[in-house]
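Asks: This is the structure, below, for whatever I ask next.
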Amino acid sequence: MANNNIMGIDFGTHFACVGIFKNERIEICPNQQGNRTTPSVVSFVGDDKLVGDEAKAQMDRNPLNTIYDVKRLLGRKTTDELFDHEVKKLSFKVTTYEDNNEKIEFQVNYKSNVVTLTPIEIATSILEQIKHTAETFIGGESIKKAVISVPTDFTEKQRNDLKEAATAAGITVVRMIHEHSAVALAYGYDQVKECSETTNESKESNVMVFDLGGSGVSASMIRVRSKLFEMIGNVSDHTVSGEHFDHVLVQHFTQEFNRKYRCDLTDNARSKAKLKSACEKAKRNLSNMTQAALEIDSLYDGRDFFTNITRARFEDMASGLIKGSINAVSQLLEKCNMTKEQVDKVLLVGGASRIPSVQNQLLNFFDNRQDILERSMNQEEVVAHGTTIQATILAADKSNQSLTCNSSNISMGAPFSAKFTPVTIGIQDSNGNLIPIIPSSSLIPCKRTFTLNTSSENQDNLNMAVYQGSAPLAKDNQLVSRFIFKSSPNPIDVTFEIDNNNTLLIKSEQANYSIKF
Ligand SMILES: Nc1ncnc2c1ncn2[C@@H]1O[C@H](COP(=O)(O)OP(=O)(O)OP(=O)(O)O)[C@@H](O)[C@H]1O
Ligand SMILES: [Mg+2]
């Protein structure tokens, strides 16, 4: 069943992500390339306009005609604070609108002409692509409505421009929702109270969303209380973002290259663009490895650049940015008049929140409290998940639909009637990988039965370790419980069920187990 065709869109600065309700659960729609997020990039090559992955692939080769970071400039004016600073970092030409020199335009070569485009037009192209991705995913059926998430500090003008872009892309925005409210929804915080009601507890908790994405660092405090959650404060700082971390590496390697070859690679737009994307890759690699290599053929003047960097060196160079990210957390506590001890959970969001020392410093800030950091949902998909949950709920209750777009339409604790599993429940296979049994965002109640086979002959016992979380390796998730079954000549059928009381029931001939979920 499709969700009455309302999609949930996270229109990110670097990546856009779209979800839909399909097969009784929230699904993130993969694009044509099979990727679950689509670069928010548009490139003009000769007579072609490319969007998404194909456009991003042009960034090095065609930097002057490849437009990115449009969310930063949407709804802004050339007179805005930070405008000059933002524009300096872009590789394409930003001009002012002829009739209104506060209005921003981009200039590219397209179809052998110099063409000017507005941020709304670029956003429209990205949203058209996203719409197409979702439609293809449900088999080609048309989708005309969406819930779109927006940053907590998006102004009325920014929201209206995004809505205008959506309208031009053939999408009616039925609601806009704060990105951080979407995160709370995705983690099932609207259901937490229902759990405690069944145990007659009236628990109140404070959940912080920490988001280090493409455009900045932001943090929100959400108070979860009796069937609703309330955003009680937020802060954002656009001087610390995933991109600023890239810039630290770009500056470092530019100096290294220039020193080595006695030249200035910054005088060539293609060289700058090539170095920037290599640095972004190196930064991602440093989140998984302690050292990353940079191998760029013909970077400048036919010269190759092969070098490397350690994680320790990177963290040292980026220490100001890491400190800046943690500052956002202390500022939020100050704003909410709260102590760090009053925070029950910190939900990590945004690709750059994967940087190990950002996580370590956060943990340190919260006195190394066990389980304070929550990262079991994919940091780049969680906003789209929550936005799609909101879309699904609205689709189920058509009377809730709203076609205007103003701040009162921002959902901050709307009544939620549908319930979804907040995390994936799975078991460990013999290679240590997690096999999902009940994927996150499955509609509750749900039930799956699978068969366990003994992995070798003469095996006395069969171990089954159950985890919650979405990391590919089982050990990186939270252990729910271990079971030991007596081996039997026949395969063992096991059923996982989540009932209406959010209780996980695990049943087999040899086991009967239940846990509050
Ligand atoms: N493994 C990783 N380690 C470090 N940084 C990463 C990793 N994966 C992604 N990033 C960075 O995360 C940033 C993009 O994050 P994300 O997709 O959450 O942003 P966005 O949603 O597009 O932006 P925003 O929410 O600010 O509008 C990029 O700077 C990217 O390089
Ligand atoms: Mg984001």
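Asks: Quick one: length gained pulling residue 112 to residue 61 fully straight, 0.36 nm per residue minus the C-alpha distance?
Replies: Roughly 16.6 nm would be gained on extension.
Asks: Now, a different point. Please give the calculated 222 nm ellipticity per residue for the chain, where each DSSP H segment of at least 4 residues contributes -39500 (n - 2.57) and the sum is spread over every residue; nearest 500 deg cm²/dmol?
Replies: Mean residue ellipticity, 222 nm, calculated: -9000 deg cm²/dmol.
Asks: Extending each Cα 7 Å along its Cβ direction at residue 334 and residue 448, get the distance between those two points in nm, one decimal.
Replies: Taking the two extended label points, one gets 4.6 nm.
Asks: Starting from the Cα gyration tensor of the chain, take the square roots of the eigenvalues, sort them a ≥ b ≥ c, and report rounded, prolate or oblate (rounded when a/c is under 1.5, otherwise prolate if a/b is larger than b/c, else oblate).
Replies: Prolate.
Asks: Which value in nm describes the separation of the simple spin-label points at residue 303 and residue 486, placed 7 Å from the Cα toward the beta carbon?
Replies: Label-label distance for residue 303 and residue 486, simple model: 7.4 nm.
Asks: A further question follows. Using a cut-off of 13 Å between beta-carbons, work out the net charge of the residues near residue 433 (Lys and Arg +1, Asp and Glu -1, residue 433 not included).
Replies: Residues near residue 433 contribute -1 overall.
Asks: If you count only protein heavy atoms with a 1.4 Å probe, what accessible area per residue comes out for the chain, rounded to a whole Å²?
Replies: About 45 Å² of surface per residue is accessible.
Asks: Can I ask one more? Describe numerically, in nm with one decimal, the distance between label points set 7 Å from Cα along Cα→Cβ at residue 295 and at residue 369.
Replies: Once both label points are built, they end up 4.5 nm from each other.
Asks: Residues of segment 142-173 with backbone nitrogen within less than 16 Å of a virtual label 7 Å along the Cα-to-Cβ line of residue 103, please, listed as ranges.
Replies: Answer for segment 142-173: 157-158, 160-162, 164-165.
Asks: Sticking with this one: Among the listed pairs 88/276; 22/163; 56/272, give every one whose C-alpha distance is greater than 18 Å.
Replies: Those over the limit are 22/163.
Asks: Report in % the part of the accessible area of the chain that belongs to carbon and sulfur, leaving out ligands and nucleic acids; probe 1.4 Å.
Replies: Ligands and nucleic acids excluded, carbon and sulfur give 44 percent.
Asks: Where both partners of a DSSP beta bridge lie in the chain, what percent of those bridges are antiparallel, to the nearest 5?
Replies: 80
Asks: I've got another one for you. Provide the packing ranking of 281-288, 483-490, i.e. peptides ordered by the mean count of other C-beta atoms within 10 Å per residue, highest first.
Replies: Taking the mean over residues of other Cβ atoms within 10 Å, the ranking is 281-288, 483-490.
The values are calculated or read from the model by the stated rules, or taken from the named source; none is laboratory data. Since this is a predicted model, take the numbers as computed values, not measurements. All Cβ positions, glycine included, derive from the backbone under ideal geometry; neighbour counts span all protein chains shown. SASA here: full protein model, heavy atoms, side chains in, ligands and nucleic acids out. Shrake-Rupley method; radii C 1.70, N 1.55, O 1.52, S 1.80 Å.
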